[in-house]
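Each remark here refers to the structure printed beneath this line.
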Amino acid sequence: MRFNSVFRCACQLAVIAASFLYVGRAALGQAGAVHVSFDSATRVFRMDAADVSYVFGVNDLQQLQTIYWGQGLAAGDRFPAAQSGRGFTAFDLPINVTQHEFAGWGGGLYLEPDLKITFLDGNRDLVLQFVSYKTDGDALSILMKDISREVYVTLHYAMDAETGIVRRWAEIENRTGAPFLIEQAASGSFNLPRGSDYHLHFLTGRWAGEWSVHDEAIRGGKIVLESRRGSTGSQNNPFFAIDCDTSTSQEQGNVYFGALAWSGSWQISVEQDAFQQVHVTGGLNAFDFGYRLKSGETFETPAFYGGFSEHGLGGASRLMHRLEIDSIVPGAPHARLRPVLYNSWEATGFNVDEAGQIALAEKAASIGVERFVMDDGWFGQRNNDHAGLGDWYVNPRKFPHGLKPLIDKVHSLGMEFGLWVEPEMVNPDSDLYRKHPDWVLNFVGRPRTEGRNQLMLNLARPDVRAYVLGFLEKLLAENQIDFLKWDYNRNWSEPGWPTVSPDDEKSVYYEYIRNFYGILAQLRAEHPRLEIEGCSGGGSRVDLGVMRYVDQDWPSDNTNPADRLLIQNGFTYAYSPGLMMAWVTDSGGSAFSLPFRFLSSMEGALGVGANLNKYAPEEMATSKRLIAEYKTIRQTVQRGALYRLLPAEPDSQHSATEYVSRDRNEAVVFAFLLSQLEHYAYPVLKLRGLDENATYKLTAFEGRAMGGTPTSASGAYWMYHGLEAALDDSFEAAGFKLEKVSAGN
Ligand code: GLA
């Protein structure tokens with residue numbers, strides 16, 4: 001259907017507006033409801049949910065302009081019509097003063113554009129104006145058009161009822177009769193109220209050191225968070241949080257936050273303009289990008305999410321977690337809790353075989369593991385990381401009878417069976433590469449840079465897509481596989497695609513990811529019970545885009561239990577503990593007790609990766625006890641509200657997290673002492689999120705509370721008096737459960 005027939009023309013707005021009536025203030029704040037309204041007199045759009053209001057309007061120049069974003073306002077509040085910015089001097093043209101929802105590059109724009117196009121005739125001026133709008137349930141879309149050319153942009157808005165987080169994306173349609181080149185495409189811009197004391201919080205990292213939290217004052221100019229790596233990367237993660245003044249803390253203060261749902265090269269720019277207005281623009285990375293859009297075609301950007309919390313950085317994280325668990329992950333809002341997993345990688349490396357894996361599986365089952373995963377090494381000539389990727393047949397020397405005996409054994413032990421794959425890669429030493437050297441990303445006649453001895457298959461190619469989907473379908477058809485760990489162990493280099501026209505080569509950044517998502521979507525549709533873990537040599541591809549297709553994420557190859565506290569702290573700024581795999585391994589040696597290792601891993605979705613062949617009977621017994629304990633608290637850990645009581649930070653001596661179940665009937669607390677200095681007592685843990693008047697019973701499932709701590713007390717007691725953990729020595733840990741025993745008065 002053509003837009004013209006679907007969208008309401010601007011001239012009809014007055015009539016349509018009558019159907020959008022404001023509802024009462026109380027109802028606006030109600031969880032579970034989204035209200036979309038349009039004021040035809042002022043041409044102001046408004047979305048309200050979960051005590052957040054998002055307001056924008058059509059200004060006098062027909063541009064779409066942000067009016068208000070933040071804490072929910074009264075239903076009766078009205079806004080004056082949007083007024084385009086007034087240029088103060090000839091150096092700052094009016095267009096640069098306006099807070100655009102979505103701006104084309106043209107008309108003298110110096111700010112980061114949302115869309116930049118080069119037309120065949122060399123014209124590069126794009127000025128978008130409002131045409132019409134449409135509502136579909138809670139969703140709102142706005143049609144914009146260039147002032148003279150048949151370039152249409154539909155801006156989509158959807159507000160999440162539970163969190164008030166706004167999802168935005170754009171569709172660019174070419175009706176000009178000739179192709180044009182999209183050189184830059186963002187999903188949209190979020191604009192913050194004018195202010196001068198904003199701070200950006202963001203995540204950085206590298207292999208085995210992902211998820212460091214940083215902050216930086218926002219001053220005049222631009223801070224760019226990005227990946228030019230072809231995939232999400234860990235140097236930056238596509239997440240931002242911006243606090244409004246220096247008094248903001250974990251639990252207090254206003255915070256704007258958001259994340260981009262894209263697993264390819266991306267960019268989020270945070271720009272303070274010359275008038276102290278802050279614009280956050282997120283979308284595809286424009287570097288080395290180009291997409292030739294033919295007439296009649298539509299290009300869709302990824303989604304960019306933006307939210308607001310008045311409860312500090314912790315509040316922002318909790319809203320992100322809620323959004324992910326309730327509306328993004330497969331099966332949401334009814335996704336399964338994560339099973340306790342065993343993974344062979346750190347125990348056996350590439351030396352996997354039938355007998356060895358069966359022995360590990362028996363041990364894993366005996367301590368309560370629910371899913372056994374065989375990692376790298378089972379296929380082709382994969383005896384180390386120099387060979388085999390691309391040859392997805394079962395290695396006949398290691399598994400002379402195929403995978404069936406192992407899988408049957410794992411199932412007979414009552415566990416699910418999972419398998420490691422790295423579908424997008426090829427080792428030059430493989431049958432696949434010998435047969436199809438042209439299938440990798442490359443520039444003709446140029447070197448092909450290897451990372452971990454491997455090259456990237458060009459998944460944008462239809463034949464490569466068919467090959468990857470085909471081998472995975474065959475693997476799943478021939479074996480009773482319940483779970484795939486989907487790995488991706490390098491970033492791009494030489495991103496050439498020689499078989500398409502030079503005009504289309506740079507679309508590889510987009511087409512690759514589209515095919516990546518397409519394969520995952522098809523596999524999930526064909527195998528509804530299959531679960532998938534997203535992994536990229538650790539946490540290099542965690543984002544809201546791939547999250548629609550994976551049930552859990554591997555945050556880092558670093559499994560040292562103390563380093564992990566930092567890594568997990570950073571991960572949970574943006575992503576839910578319920579998706580965060582955390583294994584108990586042997587990393588870090590004898591400095592760590594087994595309970596410390598377990599408690600560190602119990603902060604997320606528990607797994608075990610230690611060499612169980614070396615565990616003494618007492619260690620097996622401790623593991624069994626703590627796995628059983630974890631199963632009783634995992635609902636709260638994986639679905640509850642996370643409070644960073646003592647955030648893990650570099651150089652911090654302590655760290656403590658609390659998880660409160662949604663019904664506030666249970667809370668779980670983990671407390672870690674990393675280094676004891678001068679015999680100070682462990683800080684008092686002032687719990688959060690409990691029901692003040694209810695009574696909660698305290699149980700220490702590991703370690704203990706200080707002598708004299710009551711076994712039961714009110715929520716108020718635990719929150720205002722606090723809980724004192726008896727932790728005296730470096731690398732000690734304690735775990736507590738609080739259960740509501742009476743509702744109080
Ligand atoms: C990556 C993963 C590890 C493991 C190895 C196997 O590094 O992050 O967990 O699967 O590959 O080669």
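The values are calculated or read from the model by the stated rules, or taken from the named source; none is laboratory data. As the structure is a computational prediction, the values presented were derived from the model and not from experiment. Cβ atoms come from the backbone with ideal geometry, glycine included; neighbour counts cover every protein chain shown. Surface accessibility is based on the protein's heavy atoms, side chains included, excluding ligands, DNA and RNA. Shrake-Rupley method; radii C 1.70, N 1.55, O 1.52, S 1.80 Å.
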Is any residue of segment 74-96 close enough, with backbone N under 17 Å, to a label point placed 7 angstrom from the Cα of ALA274 along the Cα-Cβ axis, and if so, which?
85-96
Expressed as a rounded percentage, what relative contact order does the chain have, with Cα pairs under 8 Å and six or more residues apart?
9
The simple spin-label model distance between THR699 and ARG434, using points 7 Å out along Cα→Cβ, in nm, is 5.9
Tell me the GluC sites (Glu not before Pro) within segment 647-745 that lie in a loop according to DSSP and have at most 16 other beta-carbon atoms within 10 Å.
GLU678, GLU692
How would you rank 593-601, 433-441, highest first, on the average number of other Cβ atoms within 10 Å across their residues?
593-601, 433-441
Pull up all non-local amide H partners of ASN458: gap of 5 or more, or a different chain, and H-to-H distance under 5 Å with H placed in the peptide plane.
VAL440, LEU441
Give the calculated FRET efficiency between ASP729 and MET620 to the nearest 0.05, with a Förster radius of 22 Å applied to their Cβ-Cβ distance.
0.35
Specify the inter-centroid distance of segment 193-214 and segment 299-344, based on alpha-carbon positions, in whole Å.
19
How much of the accessible area of the chain, probe 1.4 Å, is carbon plus sulfur, in whole percent?
51
³J(HN,Hα) computed for each position of segment 593-602 - Karplus, 6.51 cos²θ - 1.76 cosθ + 1.60, integer Hz, glycine/proline x
6, 5, x, 4, 4, 5, 5, 4, 6, 6
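Which of rounded, prolate or oblate describes segment 658-729 when judged by the alpha-carbon gyration tensor and an a/c cut-off of 1.5?
Note, shape of segment 658-729 comes out prolate.
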Using the Karplus curve 6.51 cos²θ - 1.76 cosθ + 1.60 with θ = phi - 60°, work out ³J(HN,Hα) for each residue of segment 383-395 in order, rounded to whole Hz, and write x for Gly and Pro.
9, 7, 8, 9, 8, x, 4, x, 9, 8, 10, 5, 5
Could you list which residues have their amide H under 5 Å from that of ALA705, counting only those 5 or more apart in sequence or on another chain, with H placed in the peptide plane?
ALA726
Averaged per residue, the 1.4 Å probe accessible area of the chain, protein heavy atoms only, in Å², is roughly 36
At what distance in angstrom do the alpha carbon centres of segment 376-423 and segment 660-735 lie from each other?
44
If amide H atoms are modeled at 1.01 Å from N in the peptide plane, then the residues at a separation of 5 or more from ASN560, or on another chain, having amide H under 5 Å from its own are none
Gain in span if fully extended, ASP385 to SER590, counting 0.36 nm per residue against the direct Cα distance:
70.9 nm
Checking segment 36-134 for trypsin sites (Lys or Arg not before Pro) in a loop per DSSP with at most 16 other beta-carbon atoms within 10 Å yields ARG78, ARG86, ARG124
Answer rounded, prolate or oblate for the chain, using the Cα gyration tensor with square roots of eigenvalues a ≥ b ≥ c: rounded when a/c is under 1.5, else prolate when a/b is larger than b/c, else oblate.
oblate
Residue by residue through segment 415-424, which ³J(HN,Hα) values in whole Hz follow from phi under the Karplus form 6.51 cos²θ - 1.76 cosθ + 1.60 (θ = phi - 60°), with glycine and proline marked x?
10, 7, 10, x, 9, 7, 9, 9, x, 8
Distance in Å, no decimals, from the C-alpha centre of segment 437-457 to the one of segment 564-593 is 34
Starting from the Cα of ARG446, step 7 Å along the direction of its Cβ; do the same at ASP138; then give the gap between the two resulting points in nm.
4.6
Between ASP121 and ASN351, with labels modelled 7 Å along Cα→Cβ, what's the label distance in nm to one decimal, could you check?
7.1
Contour minus end-to-end for GLN676 and GLN635, with contour as 0.36 nm per residue of separation and end-to-end as the Cα-Cα distance?
11.5 nm
Which of LYS485/LYS624; LYS294/LYS474; LYS222/LYS506; LYS409/LYS435 have a Cα-Cα distance over 29 Å?
LYS294/LYS474; LYS409/LYS435
Taking 0.36 nm per residue of separation between PHE91 and VAL684 and subtracting their Cα-Cα distance, the length gained on full extension comes to 207.9 nm
